[in-house]
Amino acid sequence: MSNAISFDQIDAFRKELAAKPASDVVAKAVQNVGPKAAIQSALHDEAVTPVFSVELDTGAVANQKHSGRCWLFSELNTMRHAVAKKIGVKDLEFSQAFLAFYDRLEKSNLFLEAILSSADKPLDDRALSDLLSQPNGDGGQFDNAPALIAKYGIVPKSVMPETYNSENTTELNSVLNLKLRKDASDLRTAFAAGASADTLAATKQAMLSDIYRILAYAYGTVPATFDFEYRDDKKEYHIDRDLTPKSFYEKYVGWDLAEFVTLVSTPEAGKNYYQAYTIPSQNTVVGGRPIIFVNVPEADLKAAAIAQLQGGEAVWFGNDVLQDMERKSGALKGGLYDFGQLFDLDLTMDKATRFATGEAEVSHAMTLTGVDLVDGQPRRWKVENSWGKENGNDGYYVADAKWFDDYVYEAAINKDYLSEKILAAAATTPIELPSWDSLH
């Protein structure tokens with residue numbers, strides 16, 4: 001029996017389509033304006049009104065442009081508003097380029113270390129194949145930034161601005177990936193030829209020097225020391241001399257990032273609530289802070305985010321912004337695009353199935369800076385994005401309750417706002433997940 005599509009089947013498909021009510025009207029709408037515009041529900045209603053009962057005092061939004069550094073922008077956003085208030089500079093911004101430089105260098109080191117440790121494995125080994133598919137990119141997880149900050153510190157954006165045009169990120173990614181794949185091939189060849197450990201280490205050192213040069217050309221040379229010079233919002237002049245990136249962080253931010261726990265909420269089979277998980281392949285700073293998630297029910301994640309906002313602290317959160325988002329208005333509205341209704345299909349999947357099939361994806365990270373509570377329950381959330389001020393409400397988005405429930409998968413929460421049950425879960429031995437896990 002052949003499984004090929006037959007012309008009899010195609011004829012049956014054609015007749016079934018012709019029998020569908022209003023099929024011509026639906027076809028014209030989709031062809032003229034596209035599926036989203038054809039089915040988009042109302043944008044301007046109570047669910048996405050930008051008014052919040054709990055709202056932090058924040059400044060202008062940042063702009064990651066065409067880079068994948070949302071995780072880094074969002075984390076620095078949680079810090080900069082607090083520091084801005086302390087020193088009286090409302091629109092203070094920390095240098096994303098500084099940490100991006102070291103992130104790409106650390107990822108290169110991680111990749112080369114992984115290549116050396118798997119040099120005896122065939123290229124079709126799943127973990128090795130997954131590694132080679134993306135040797136170096138600018139995406140990341142919450143825990144990657146604390147690992148970088150603990151090692152390198154931070155600097156204000158005035159000290160290391162975005163000299164690199166991040167619109168060209170795809171080109172930089174291509175160069176780094178080409179370089180690292182060539183390095184992987186050379187290391188494997190040297191290993192197969194019986195090169196000593198010292199020779200392999202020296203070869204890797206030279207490779208990293210090449211990567212450093214590429215990054216310096218792209219991002220600029222990172223400062224070892226600097227003066228922090230600024231005028232506050234009252235136009236008063238300040239200068240703090242001879243700072244290092246680490247001393248700047250300790251003096252002006254001073255957060256113990258070990259006090260933050262990344263909560264995830266997935267009911268996917270094989271993942272238990274109140275259990276810690278880790279993905280070693282994502283630990284980009286070798287020897288630094290590992291990536292650890294604590295899986296909790298959705299209600300716990302939501303309650304912790306609310307408690308942190310009520311405590312006056314912004315919340316880093318991972319989400320799938322590509323779902324039910326209207327970019328221009330900044331509306332994040334559950335059910336905004338009902339493609340099932342448009343195409344007369346049942347497209348409903350519960351969250352567990354969405355994770356298991358790859359439909360659920362942490363595609364973006366943003367910052368929660370407000371919430372509107374009615375009888376203690378969230379009606380809508382204020383979201384600080386990092387896509388510039390042109391969209392939304394000067395760059396701030398509004399998420400309704402359904403969108404949050406459907407598409408918010410992670411949140412980084414200070415231990416002060418976590419229950420004893422979650423703190424106990426965070427202390428469990430993390431279960432290791434492979435590099436291709438849905439939480440990667």
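Odds and ends about this structure:
- Among residues of the stretch 239-255 that are free of Cβ contacts under 8 Å to residues at least 12 places away in the same chain, none has a beta-carbon under 7 Å from a residue that is surrounded by fewer than 14 Cβ atoms within 10 Å (Cβ to Cβ) at least six positions away or on a different chain.
- Qualifying residues in the stretch 2-38 (those that are small (Gly, Ala, Ser) and not in a helix (DSSP H, G or I)) - the one farthest from Leu336 (Cα to Cα): Ser2
- Screening Leu336, Leu345 for residues that are crowded, with 16+ Cβ neighbours inside 10 Å and over 26 Å from Phe293 (Cα atoms) leaves exactly one candidate, Leu336.
- In the stretch 107-125, the residues that are free of Cβ contacts under 8 Å to residues at least 24 places away in the same chain and more than 14 Å from Pro280 (Cα to Cα) form Cβ pairs under 6 Å with partners that are assigned to a helix (DSSP H, G or I) and of a type in the set (A, V, I, L, M, F, W, C), at six or more places apart or across chains, as follows: Ser118/Leu128; Lys121/Leu128.
- Candidates Phe73, Phe111, filtered to the one that is more than 17 Å from the chain's Cα centre (by Cα), modelled with pLDDT of 95 or more, aromatic (Phe, Trp, Tyr) and buried (at least 17 other Cβ atoms within 10 Å of the Cβ): Phe111
To keep it simple, each residue is scored yes or no on (1) within 30 Å of Lys251 (Cβ to Cβ); (2) surrounded by 18 or more Cβ atoms within 10 Å (Cβ to Cβ).
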residue: Val25; (1), (2): no, no
residue: Lys65; (1), (2): yes, no
residue: Ala100; (1), (2): yes, yes
residue: Gln134; (1), (2): no, no
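- Candidates are the residues of the stretch 406-440 that are surrounded by fewer than 16 Cβ atoms within 10 Å (Cβ to Cβ) and among the charged types (D, E, K, R); the one that is nearest to Ile292 (Cα to Cα) is Glu432.
- For the stretch 203-221, residues that are within 22 Å of Glu167 (Cβ to Cβ) and either touching a Leu at 6+ places or on another chain (Cβ under 7 Å) or of a type in the set (Ser, Thr, Tyr) (or both) total 7.
- Lone qualifier among Ala352, Ala331, Ala360 - being buried (at least 17 other Cβ atoms within 10 Å of the Cβ), within 27 Å of Asn144 (Cβ to Cβ), touching a residue at least 60 places away in the same chain (Cβ under 8 Å) and among the small types (Gly, Ala, Ser): Ala360
- The stretch 8-23 residues that are closer than 14 Å to Leu345 by Cβ and without any contact (Cβ under 8 Å) to a residue 24 or more places away in the chain, paired with ones that are in a helix (DSSP H, G or I) and of a type outside the set (A, V, I, L, M, F, W, C) (beta carbon under 6 Å, 6 or more apart): Leu17/Ser23
- Answer from Leu187, Leu132, Leu148 - the residue that is without any contact (Cβ under 8 Å) to a residue 60 or more places away in the chain, aliphatic (A, V, I, L, M) and touching a helix residue (DSSP H, G or I) at 6+ places or on another chain (Cβ under 8 Å): Leu132
- Residue pairs meeting the criteria (Cβ under 9 Å; at least 6 apart or on separate chains; first more than 20 Å from Asp91 (Cβ to Cβ), in the stretch 39-63; second crowded, with 19+ Cβ neighbours inside 10 Å and of a type in the set (S, T, N, Q)): Phe52/Thr369
- Selection of the stretch 59-114 for residues being more than 19 Å from Pro223 (Cβ to Cβ), part of a helix (DSSP H, G or I) and of a type in the set (Gly, Ala, Ser) yields Ser74, Ala82, Ala84, Ser108, Ala114.
- Of residues in the stretch 42-70 being at pLDDT 90 or above and of a type in the set (Gly, Ala, Ser), the one farthest from Ala97 (Cα to Cα): Ser53
The values are calculated or read from the model by the stated rules, or taken from the named source; none is laboratory data. These numbers come from a predicted model, not from an experiment. Virtual Cβ from ideal backbone geometry, glycine too; neighbours counted across all protein chains shown.
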